[in-house]
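First up is the structure itself, then whatever we jot down about it.
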Amino acid sequence: MSALNHAAAVAACAVAAVVAGISFPSASLAQGNVPRYEVDMAWPKPLPNRWVIGGLGGTCVDARDHVFILNRQDVLDGELLGGQLAPSVIEFDPAGNVVNSWGDANLLDPRLHSCHFDKDDNVWIASSPSGMVQKYSHDGSKLLSQIGKKGVFDSSDGTAKGTPLNSNAAQFFMPSSIYVDRQNGDVYVSDGESAGGNRRVAVIDQSEKFLRQWQPEGMTTVHCMIMANDGTVYVCNRVGGKILIYGRRGSLKKTLDVPWKPLTPPAAGKADENGGAAVAIAFSPDPEQRHMFVVNQNSGQIEIMERQSGKMLGSFGRVGRYPGEFDQPHGIAVDSKGNVYIADNRGRRIQKFKIAGQ
């Protein structure tokens, strides 16, 4: 082999190694029936119309495995000279094509936080600093209901500067997540996205009447919340690195730890958390929901846990800006086939991770 051909072969091997590293994010998997994930480099397809997106607040999947993302539209100065501002809500089909988009700035709040589909495939959106949650028709053409008032906070003076009240009322301070109970239509709202605001889970019925609330102990924020098929409610203790599990009426059933430790020893001896270890949660699509996926911003990865026991089974992803890596992952959703979608806030992109084996 000539020196030139040898050099070319070495370069090709190096490129293949890099691609392999990108396509198969680093994962630590326990033995057993645990999926291994790789990033889907072909999903999504390029955005149309030279769209420019900002940070992504959240993502959710509908009954047809269409993926919705919440675009905060916080683009950088000068970016729109070469493009157009992408809409607030963008819908992708399973192949990664944009099939719909919408968002009225007069109705929505810019800092969109999370979304959820109810059993009728209506989409619910929590806009954290707005003091409200909204229900839209699937295509976004109709605002079907709204709980709380835009710009009016559950505080002593109705503003974000006031003292949080945690009122027994259908109003909010900074709602972070929504889940509609499939059994009776009750709406569960975690109200406490940021420190200094409310710190509770509120429950409202279908007629928007306040039913009850509880305040998780030991939390400075209540950043995420989701209900499992068995009716248990999972709440993120973001900075504390724990997941608290409750019954429908707020009785604490169990606490799970989401451990982490810095790979690089901090200069001051104690690591500052980079957003928290329990930021967002999604479950596997099997009826028992055996696996739980947790966004861990501190470690820059997605933890795979056994839902019932909290046992760590593995992880995927790492800190970075290349495919399969994360820069402040914030939202997570799982489709009916077990594909995992991660909305990257600072990375300003949605990534699909497909099952590569077990």
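Any read-out appearing in this document is the output of simple, stated calculations on the displayed coordinates, not a laboratory observation. Just so we're clear, the structure is a prediction, and the values are computed from it rather than from any experiment. Cβ coordinates were reconstructed from backbone atoms using ideal geometry, including for glycine residues, and neighbour counts include every protein chain displayed.
For the stretch 213-358, what D do you get in µm² per second when you plug the Kirkwood radius from alpha-carbon pairs into Stokes-Einstein at 37 °C and 0.692 mPa s?
Calculated translational D: 210 µm²/s.
Out of residues 5 or more away from I332 or on other chains, whose amide H comes under 5 Å of its own, with H placed 1.01 Å from N in the peptide plane?
Under 5 Å from the amide H of I332 lie the amide H atoms of T59, A343, each far enough along the sequence or on another chain.
So what's the angle, to the nearest 10 degrees on a 0 to 90 scale, between helix 3-23 and the longest Cα principal axis of the chain?
Helix 3-23 sits roughly 20 degrees off the main axis of the chain.
Could you grab the relative contact order for the stretch 70-164? Cα pairs under 8 Å, six or more apart, rounded to a whole percent.
16
Listed highest first by mean packing, meaning other Cβ atoms within 10 Å per residue, what order do 221-232, 89-100 come in?
Per-residue Cβ counts within 10 Å, averaged per peptide and sorted highest first, yield 221-232, 89-100.
Would you please classify the overall shape of the chain from the alpha carbon gyration tensor, given that a ≥ b ≥ c denote the square roots of the eigenvalues, rounded means a/c under 1.5, and beyond that prolate means a/b larger than b/c while oblate covers the rest?
prolate
Would you calculate a helix-derived [θ] at 222 nm for the chain, using -39,500 (n - 2.57) for each DSSP H run of n ≥ 4 and dividing by the full residue count, to the nearest 500?
-2000 deg cm²/dmol
Counting other Cβ atoms within 10 Å of each Cβ, which GluC sites (Glu not before Pro) in the stretch 138-231 have at most 13 and sit in a DSSP loop?
Qualifying residues, ordered by number: E208, E217.
For the stretch 64-116, what class follows from the C-alpha gyration tensor (a ≥ b ≥ c being the square roots of its eigenvalues): rounded when a/c is under 1.5, otherwise prolate if a/b is larger than b/c, else oblate?
oblate
Between the stretch 259-296 and the stretch 27-95, what is the C-alpha centre distance in whole Å?
21
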